[in-house]
Amino acid sequence: MREIYHAPPSTALYDDRFCVVCVRAHSECCLEVSFVEEIKSLRLGEGDTFHGEGILAVTKALLQSGVAYVGGYQGAPVSHLLDVMVQAKPLMDELGVHVEACANEASAAAMLGASIHYPLRGAVTWKSIVGTNVASDALSNLASPGVLGGTLIVVGEDYGEGASVIQERSHAFALKSTLCLLDPRPDLAHMVHMVEHGFALSEASNMPVMLELRIRACHVRGSFQTRANQAPKPSTRDCLAEPAQFDYNRLAHPPVTFGHEKKKLEERIPAARAYILEHNLNESMPGSQHPDLGLVVQGGLYNALLRSLQQVGLADALGHSHIPILVLNVTYPLVPQQVVDFCQGKRAVLVVEEGSPEYIEQDMATQLRRAGVQTPLHGKDMLPGAGEYNIEALSLGLVHFASTYLGEASVQAAQQWLQDVQQRRADVAKALGQALPTRPPGFCIGCPERPVFSALKQVQQAIGSVHIAADIGCHALGTFEPFNTGHSILGYGMSLASRAGVSPMMQGRTLSIMGDGGFWHNGLLTGVQSALFNGDDAVLLIFKNGYTSATGTQDIISTPHAAQQQAAADQHASLSHTNTTIESTLQGLGVQWLQTVHTYDVARVKTVLKDALTSDFNGLKVIIAEGECQLERQRRIKPLVAQRKRTGQRVQRVKYGVDEDVCNGDHACMRLSACPTLTLKDNPDPLKVDPVATVIEGCVGCGLCGENAHTASLCPSFYRAEIVQNPKPLERLWAAVQQRMVRALQRA
Ligand code: SF4
Ligand code: SF4
């Protein structure tokens, strides 16, 4: 069947052989994650062997440590911890552990208040640095009175090449609020060991403990011998009979806060240092050849350092370093005597500390100076000040250190290797005629947010450029080519607030874009409430895709519940309109201009956007752009479609295509859609040189191609095909007739 320019609502069924995002077969796709196996591994008992990822090992370690409550806000690279715990509710109920998916990191940090008065072990998790920023008020107020029950804050240190947030260090928060900071060596057994000690360290010092896990530590794979899970006491199965006695000292309120500050310095830090020494939390690795030199490394960088040492000829293949290493599994507080003992008598020491400022190096320099130790201390003078310490960056620093203290000859081979790497990079750039282009991520295939950016691009062509306050979430992908949409990102849910100083200075209106995740995380209060209170003339577009998609499609308060999902599935309908919590909340707050649009209806989105940006209404105008996250939608309908196919029921899916004879090769469709399955191929016409557009395997038939062809008056090369599986007898007959007619016409 062929129907040119027909743009359906997004009811297309999908091609169930492939993931809509990575276009791999589902069996190979990383997004088709089921937590069934992970939950099984949480049940492992005494002496069993755990196999898996670092972050799951940490999750199991929480249960082995007798944690009583767990909370957090999802975000890479630690989403897995909370996702698995939420799905493991039956196990948590058996143990008496409370699990809470918190509204944001501030509410997660505030949850730790349970451990101020009660002997409850608690753990929370989030993505840092951004999450720690949000949580910092509660963290300060927790750290001031200190804790009775052990508290562990598992932060995903999203720093370096795979990071998705601003590049800052969580270390600063440990320093300013006096939290212990653990940075365990990425080895599963060791990470588990550090989690267990983390709770005990917190109890011994009354300090909250932060455990930072870099991206690679979260995903490192390995095994360890498990211990039995410990049921906490008190717990949800064994509740406290009475509240704690009133104790003003446990409030973060003057005048006791002055005493808290002294306690931190005079009691808590010394207690923490004593615990660290007594339990050998930091590790001293001997050096086989150069005991007169030393390396001090953050635990989380240990594996990379060893690999780099091996690369430059300063460690053997089994991981034995030629130079002694002090591995700081606790990076704050440092133990002065341990630092002095390690450095004393050495010709030089290199501190391997990722990111800036170099807090550890400065701290060590102070400790050595106070102790009168004159050992030269190197760090950022030899290693890069910014960026991830990958093997190349570490090797550059090690080569500098070794050539200074062991002579040039010792690192000749390493220098050659580094030069070769740089030469290869230069050769590739030369061959390309430019530096290697960056490869920014893009929206998933069929993402419901893409059509809005197509519409916005067209609207700006009509009414002129608009200042756009962008936000955190999948929609931030609209800042990349070809949309290039967004002037600022000030934090999760902060877009509306971030335009408050801009819009009064602009002749035209500004537009703020926010996701439903950001709306509930922060945007409702910091943006909407403030704009209404101040009577601001502002436009807010909320993407209502039903989930916090960018963090792994976790549910939020406006996620349709099971009955609504079933009803939508029965009707093959879009899911997002079934829950109207956002709309009723906005109306309850007093929003008077509120329009809902379906994102795939590009023409209507254009009309409503234009109206909001130009209407006479002076006040907050909110556009709710509805369209269920395609990733979640595919996960939801996949089993339904598979079942229909199995039982012989009719299944229809839609695909779009480009007629290569009609395509004129100007590629305007790509500049308006950026769909990965709408791409280029060589022009089959030998007389034309420009490549033509083509739709490849993986198109989910979302309809955007047809919509854009209509609304932007593109060339008439798109067609829409309906692929029917298990067709009905009449359909078979009609298809056969059509085929014969086509053949006859072709022959004629
Ligand atoms: S909203 Fe869903 S479909 Fe769109 S980019 Fe995010 S995960 Fe992908
Ligand atoms: S090729 Fe077009 S119709 Fe197909 S998924 Fe991409 S945007 Fe949607």
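The values are calculated or read from the model by the stated rules, or taken from the named source; none is laboratory data. Fair warning: this is a prediction, and the values are worked out from it, not measured in the lab. Positions of Cβ are backbone-derived with ideal geometry, glycine not excepted, and every protein chain shown enters the neighbour counts.
Numbers below:
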read-out: Qualifying residue in region 603-626 (condition: away from ligand 2 (no atom under 16 Å from the Cβ), farther than 27 Å from GLU449 by Cβ and among the aliphatic types (A, V, I, L, M)); value: no
read-out: Unmet criterion (only one of (1) more than 9 Å from ligand 2 (Cβ to nearest atom); (2) touching a strand residue (DSSP E or B) at 6+ places or on another chain (Cβ under 6 Å)) for THR647; value: (2)
read-out: Candidate set: region 66-89, residues that are under 22 Å from the mean Cα position of the chain (by Cα) and assigned to a loop (DSSP other than H, G, I, E, B); chosen: the one modelled with the lowest pLDDT; value: ALA76
read-out: Qualifying residue in region 296-308 (condition: surrounded by fewer than 20 Cβ atoms within 10 Å (Cβ to Cβ) and more than 32 Å from the chain's Cα centre (by Cα)); value: no
read-out: Long-range neighbours under 9 Å by Cβ, at least six apart or interchain, first residue within 15 Å of ligand 2 (Cβ to nearest atom) within region 468-483, second of a type in the set (D, E, K, R) and not in a loop (DSSP other than H, G, I, E, B); value: LEU477/ARG450; GLY478/ARG450; PRO482/LYS457; PRO482/ARG671; PHE483/ARG450; PHE483/LYS457
read-out: Residues located in region 472-495, provided they are closer than 20 Å to TYR73 by Cβ and either surrounded by 23 or more Cβ atoms within 10 Å (Cβ to Cβ) or touching a Pro at 6+ places or on another chain (Cβ under 6 Å) (or both); value: ILE472, GLY473, CYS474, HIS475, TYR492, GLY493, MET494, SER495
read-out: Positions within region 7-65 being outside any loop (DSSP other than H, G, I, E, B), at pLDDT 50 or above and charged (D, E, K, R), in sequence order; value: GLU37, GLU38, LYS40, GLU53, LYS60
read-out: Residues within region 662-708 that are hydrophobic (A, V, I, L, M, F, W, C), in contact with a Leu (Cβ under 8 Å, 6 or more places away or on another chain), within 15 Å of SER454 (Cβ to Cβ) and part of a loop (DSSP other than H, G, I, E, B), tallied; value: 1
read-out: Boolean, ALA538 is modelled with pLDDT of 95 or more, in contact with a Lys or Arg (Cβ under 7 Å, 6 or more places away or on another chain), under 30 Å from VAL165 (Cβ atoms) and surrounded by 16 or more Cβ atoms within 10 Å (Cβ to Cβ); value: yes
read-out: Filtered residue count, region 65-100, keeping only those that are touching a residue at least 60 places away in the same chain (Cβ under 8 Å), polar (S, T, N, Q) and surrounded by fewer than 19 Cβ atoms within 10 Å (Cβ to Cβ); value: 0
read-out: Qualifying residue in region 409-419 (condition: at pLDDT 95 or above and surrounded by 19 or more Cβ atoms within 10 Å (Cβ to Cβ)); value: yes
read-out: Residues that are within 16 Å of ligand 1 (Cβ to nearest atom), among the aliphatic types (A, V, I, L, M) and out of contact with any Pro (no Cβ under 7 Å at 6 or more places or on another chain), drawn from region 676-727; value: LEU678, VAL700
read-out: Residues satisfying the stated conditions in region 342-366, i.e. crowded, with 19+ Cβ neighbours inside 10 Å, touching a helix residue (DSSP H, G or I) at 6+ places or on another chain (Cβ under 7 Å) and not hydrophobic (A, V, I, L, M, F, W, C); value: GLU353, GLU354, TYR359
read-out: Single residue of region 315-341 satisfying the filter (aliphatic (A, V, I, L, M) and over 36 Å from the mean Cα position of the chain (by Cα)) that is surrounded by the most Cβ atoms within 10 Å (Cβ to Cβ); value: ILE323
read-out: Test: GLY446 is on the phi > 0 side of the Ramachandran plot, within 16 Å of ligand 1 (Cβ to nearest atom) and touching a Cys at 6+ places or on another chain (Cβ under 8 Å); value: yes
read-out: Every pair of residues 6+ apart whose Cβ atoms lie under 8 Å, when the first sits in region 375-399 and is touching a residue at least 40 places away in the same chain (Cβ under 8 Å) while the second is buried (at least 21 other Cβ atoms within 10 Å of the Cβ) and among the charged types (D, E, K, R); value: GLU388/GLU354; TYR389/GLU354
read-out: Single residue of region 607-659 satisfying the filter (free of Cβ contacts under 8 Å to residues at least 24 places away in the same chain and of a type in the set (Val, Ile, Thr)) that is farthest from ligand 1 (Cβ to nearest atom); value: THR647
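One line per residue, one yes/no per condition, for (1) assigned to a strand (DSSP E or B); (2) of a type outside the set (Val, Ile, Thr); (3) more than 16 Å from THR59 (Cβ to Cβ); (4) under 24 Å from the mean Cα position of the chain (by Cα):
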| site | (1), (2), (3), (4) |
| --- | --- |
| PRO119 | no, yes, yes, no |
| GLY131 | no, yes, yes, yes |
| ASP137 | no, yes, yes, yes |
| GLY149 | no, yes, yes, no |
| VAL155 | yes, no, no, yes |
| GLU168 | no, yes, yes, yes |
| ALA172 | no, yes, yes, yes |
| LEU175 | no, yes, yes, no |
| LEU181 | yes, yes, yes, yes |
